[in-house]
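Just so it is clear, none of the values below were taken in a lab; they were calculated from the coordinates. This is a predicted model, so every value here is computed, not measured. Cβ sites come from the backbone with ideal geometry, for glycine too, and all protein chains shown count toward neighbours.
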């Protein structure tokens, strides 16, 4: 028998504004090229108890699932999918621990590109207190916490 838990709000440790700083080179086979990946660089992701936002895509009162994923689970989930097998490890994306906290934000399907309903930042690994890692269309990105005060009022 499975135990079902009520959806949780986004954890406080993720609250704030994050800037997508770079894409991470991996051995993943991606549906995206450099042109699509570069469009994410410099964009902002915002998390709070009231919203999850990437660019103009906003989810009000989001809920999240928080889990611990081991290096082996990560490798199994992101590697060997389909023909021309891909392979990616924690070490390759800059996580040197044997496990990481994974936070998955629930949201309605979005249409960022024709290839996915993912929203950048909707499924993240906490690398450290000020760094998150996420993927879109099998391209991994690193975002850093923005420690500068916002230049516009909060939503």
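General remarks:
- Label separation (residue 70 vs residue 96): 2.2 nm, computed from points 7 Å beyond Cα along the C-beta direction.
- Once the Cα-Cα distance is subtracted from the 0.36 nm per residue extended length, the residue 137 to residue 21 segment shows a gain of 40.0 nm.
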